[in-house]
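What follows draws every value from the coordinates through simple rules; no lab data is involved. Note that the structure is a prediction, hence the values are computed from the model and not measured. Quick reminder, even Gly has a Cβ in these numbers, built from the backbone with ideal geometry, and neighbours come from all protein chains shown.
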Amino acid sequence: MDIDKFIQNWLQASNDFDTERYLAMFHTDAVLDDPSVGKKFIGHQGIKNYFESYFIGYNTQTRLVKLNRQGDSTHLEVTFTGDFPEGKIRGTFDFIFQKGKISFVKADLVQ
């Protein structure tokens, strides 16, 4: 699996607000944990709700700042811009992949 290419495609799907393409990159039972909103989003329906609320709903665009790979996990540092009070904020994603798809991701904002 080419992690760099996968991440670029995932970010593009997110920035295009392409819900189907975004969800296709996750296992059907994947977990997205976002402590900054105080919730875990489980499975495609939960992740869809997260994506529609926090990305599509706030017109969020995500730009990759740094990517680090360690074993089975991948850490991203990003900037988010959008229609939220801060206008621009930093964030992180920590991924675990299985069989070419995301099985777990922790998303968080950086103050």
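Some notes on this structure:
- All Cα pairs of the chain, percent lying beyond 23 Å: 18
- Mean residue ellipticity, 222 nm, helices only, the chain: the sum of -39500 (n - 2.57) across DSSP H runs of n ≥ 4, divided by residue count and rounded to 500, is -7000 deg cm²/dmol.
- The chain, relative contact order in percent, only Cα pairs under 8 angstrom and at least six apart counted: 23
- Where both bridge residues fall in the chain, DSSP classifies roughly 90% of the beta bridges as antiparallel.
- Euclidean distance of C-alpha centroids, the stretch 74-102 and the stretch 1-56, integer Å: 10
- Inter-label distance for LEU109 and GLU20, nm, one decimal - labels placed 7 Å from Cα along Cα-to-Cβ: 3.2
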